[in-house]
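Novice: Take a look at the following structure, please.
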Amino acid sequence: MVRLNRLRRLAVLCVAPVLAALCVVPANATTTARICSTVNIPVSSVGTGPPDLNIVGQLCRPDWQTPRVVQLLVHGATYKRGMWDWQQNPDVYSYVSPAVEAGYATLAVDRIGHGASSHPPADQVTISAGTTALHGVVTALRAGTVGGIAFQKVVWVGHSMGAIHGWDYGGRYNDINAYIFAADVHYLKQSWLDLIKNSVQPASPPGYFTTIPGKKDDLFYRTSMADPAVIAQDEATTGTLTEAEVNESVGLTLMPPAQSPTQRIRVPVLITLGEFDNLACGPPDGLTCTKANVLALERPYFTGSPKVDAVTVSGGGHSYLHTNAPAMYWAMINWARTVAPPV
């Protein structure tokens, strides 16, 4: 049976005017049972030729139907695939659970250089190389070699650097049916760039970096809306990043609209942002992150898209592991249902 506490929470969240249009309890959500498995996907680092890298992911789907649509969940810097199915209080923090309740399959992957996936030398862990590897994942999803289901549609859900990979992907490939770009816009606060430079330390393998303990709350959280236990677990399980990833990400973020690869995206786009996402929003040098301001900033980057929408969540930060996570999750899922229904 659907967990009643989740449905009660959703009913409350849907009263909020900013989310009311997107908050709809899935009509077919009659069970929370799901089938999940760990998958290994061989991919090529150059896009052609024999596979030389391995991407590890978690594939989940409802046990009551076989979806024709899969959401590809792409994590950001210093995170891994587990961010999408957070095990502390999952009724609040798991994105996978409500997506499966809505009827979708999900594939949460560790990007190349992260988690359990292959770790090439740091100078080879770039946005462009990661995008090439993720194209191999999309190809496998459509071919039916991941979990035995040949998915008809793929929805890209990228958080932070995972969204930036999506920008790059949309400029190079045309096999995604809709994009959800979470927690990233084409603006970066100089104050946040200064903060991140002083918040990382060398990690393993050589050339990789990770966050200094105690720094993630300032980097990614609105602490008044976050559970200290969740931040502590985030710190304990933090991932890595490389200088090459960061440099390419900054370049894509600050690129003028006319030069951006996003101009080649020809499918619907949703941009989601927390009101206090510290990368782009708030003092001393950030935006006032309202829906109107986000759309004014982002629409010039997506002139080829037939539909560009935005959702901002009051009180939210950069990480979606805040107490208001269900508000953002259901807004994302129900937007996806309007452009790529799960069955």
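The values are calculated or read from the model by the stated rules, or taken from the named source; none is laboratory data. Computed from a predicted structure; not experimentally measured. When we count neighbours, we look across all protein chains shown, and the Cβ atoms used for this are built from the backbone with ideal geometry, even at glycine.
Novice: Residues that are touching a residue at least 24 places away in the same chain (Cβ under 8 Å), farther than 18 Å from Ser249 by Cα and touching a strand residue (DSSP E or B) at 6+ places or on another chain (Cβ under 8 Å): which helices (runs of 4 or more DSSP H) entirely in segment 127-206 hold 1 or more of them? Don't jump to the end; show me each part of the working.
Specialist: Details: elements: 127-143, 161-172, 190-197.
Result: 127-143.
Novice: Could you list all residues from segment 77-102 that are in a loop (DSSP other than H, G, I, E, B) and farther than 21 Å from Val343 by Cβ?
Specialist: In the first step, residues of segment 77-102 are kept if they are in a loop (DSSP other than H, G, I, E, B); the result is 77-80, 86-89, 95, 102.
Scanning segment 77-102 gives Ala77, Thr78, Tyr79, Lys80, Trp86, Gln87, Gln88, Asn89.
Novice: Any residue at all in segment 266-286 that is of a type in the set (S, T, N, Q), more than 20 Å from the chain's Cα centre (by Cα) and at pLDDT 95 or above? Show your work before the answer.
Specialist: Start the filter on segment 266-286 by keeping residues that are of a type in the set (S, T, N, Q), which leaves 272, 278.
If we keep only those that are more than 20 Å from the chain's Cα centre (by Cα) as well, we get none.
Among the residues of segment 266-286, not one is of a type in the set (S, T, N, Q), more than 20 Å from the chain's Cα centre (by Cα) and at pLDDT 95 or above, which makes the answer no.
Novice: Also: Hey, among the residues in segment 256-308 that are assigned to a loop (DSSP other than H, G, I, E, B), in contact with a Pro (Cβ under 9 Å, 6 or more places away or on another chain) and of a type in the set (Val, Ile, Thr), which one's surrounded by the fewest Cβ atoms within 10 Å (Cβ to Cβ)?
Specialist: Within segment 256-308, the match that is surrounded by the fewest Cβ atoms within 10 Å (Cβ to Cβ) is Thr303.
Novice: Would you please list the contacts, defined by Cβ atoms under 7 Å and residues six or more apart or on different chains, that run from a residue in segment 60-75 that is closer than 18 Å to Ala33 by Cα to a residue that is polar (S, T, N, Q) and outside any loop (DSSP other than H, G, I, E, B)?
Specialist: Cys60/Thr106; Val70/Thr106; Gln71/Thr106
Novice: If you take the residues of segment 318-343 that are under 16 Å from Ile271 (Cβ atoms) and assigned to a loop (DSSP other than H, G, I, E, B), which of them is modelled with the highest pLDDT?
Specialist: First, pick out the residues of segment 318-343 that are under 16 Å from Ile271 (Cβ atoms): 318, 320, 327-329, 331-336, 338-339.
Of the ones still in play, those that are also assigned to a loop (DSSP other than H, G, I, E, B) are 318, 320.
Working: His318: 98, Tyr320: 94.
Filtering first and then ranking leaves His318.
Novice: Looking only at segment 109-130, which residues are surrounded by fewer than 24 Cβ atoms within 10 Å (Cβ to Cβ) and either of a type outside the set (A, V, I, L, M, F, W, C) or closer than 17 Å to Thr38 by Cα (or both)?
Specialist: Within segment 109-130, the first condition is being surrounded by fewer than 24 Cβ atoms within 10 Å (Cβ to Cβ), and the residues that meet it are 110, 115-124, 126-129.
The answer is Asp110, Gly115, Ala116, Ser117, Ser118, His119, Pro120, Pro121, Asp123, Gln124, Thr126, Ser128.
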